[in-house]
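Report on the structure given below.
The values are calculated or read from the model by the stated rules, or taken from the named source; none is laboratory data. Owing to the predicted nature of the structure, the values given are computational and were not obtained by experimental measurement. All Cβ positions, glycine included, derive from the backbone under ideal geometry; neighbour counts span all protein chains shown.
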């Protein structure tokens with residue numbers, strides 16, 4: 001969309017993130033006051049980048065909403081170690097819309113949903129993931145299809161492994177400690193969507 005699209009997406013990202021922060025606070029997931037402006041700027045920049053890179057308004061909106069919701073999910077996961085249902089449901093709605101609109105790739109999206117959901121469900125059953133992580137990644141699988149969701153999962157695991165090693169070396173966590181996954185999913189989706 002170029003510069004006008006980037007500016008519009010940037011403003012919408014800030015407004016959407018601010019609205020999500022207010023909604024989170026009303027639902028008992030208080031976001032620290034100092035974090036709010038940083039989140040709004042981060043959401044604006046990620047949405048602005050999507051608005052600049054994608055000529056399709058449809059994709060810019062779908063990806064912008066997804067990045068904004070994922071950013072909020074990442075922050076809540078860090079603070080509360082859970083992902084509220086309405087956040088992954090919002091991404092699921094984006095996936096359903098994309099599934100309906102892109103009828104020519106229907107099998108890719110269905111396969112992405114099943115593949116990612118089953119892999120993460122298997123990890124959850126052996127104790128490696130939480131239920132919110134399974135639902136979040138399955139929703140993303142429906143949105144992105146099987147090729148992109150495989151990339152997202154691989155990047156998520158690589159970033160998570162590196163972060164886990166650094167946290168262990170720094171003495172912040174032990175080998176068996178759980179670390180939130182949503183921040184790594186957010187980073188992986190940004191890399192996949194913005195194609196850095």
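Observations, loosely collected:
- Any hit, region 170-182, residues being closer than 21 Å to residue 67 by Cα and either modelled with pLDDT under 90 or assigned to a helix (DSSP H, G or I) (or both): yes
- Filter pass, residue 64 being more than 12 Å from the chain's Cα centre (by Cα) and buried (at least 22 other Cβ atoms within 10 Å of the Cβ): no
- Restricting attention to region 33-55, the residues that are touching a residue at least 40 places away in the same chain (Cβ under 8 Å) and either over 21 Å from residue 191 (Cα atoms) or not in a helix (DSSP H, G or I) (or both) total 3.
- Members of region 15-32 that are more than 18 Å from the chain's Cα centre (by Cα) and either surrounded by 17 or more Cβ atoms within 10 Å (Cβ to Cβ) or not in a helix (DSSP H, G or I) (or both): 27, 28, 30, 32
- Residues in region 122-140 that are surrounded by fewer than 16 Cβ atoms within 10 Å (Cβ to Cβ) and farther than 19 Å from residue 161 by Cβ: 125, 131.
- Residue 118 more than 17 Å from residue 88 (Cα to Cα), over 14 Å from the mean Cα position of the chain (by Cα), modelled with pLDDT of 95 or more and part of a helix (DSSP H, G or I): no
- Selection within region 100-121 - farther than 23 Å from residue 161 by Cα and surrounded by fewer than 20 Cβ atoms within 10 Å (Cβ to Cβ): 100, 101, 102, 103, 104, 105, 106, 107, 108, 110, 111, 114
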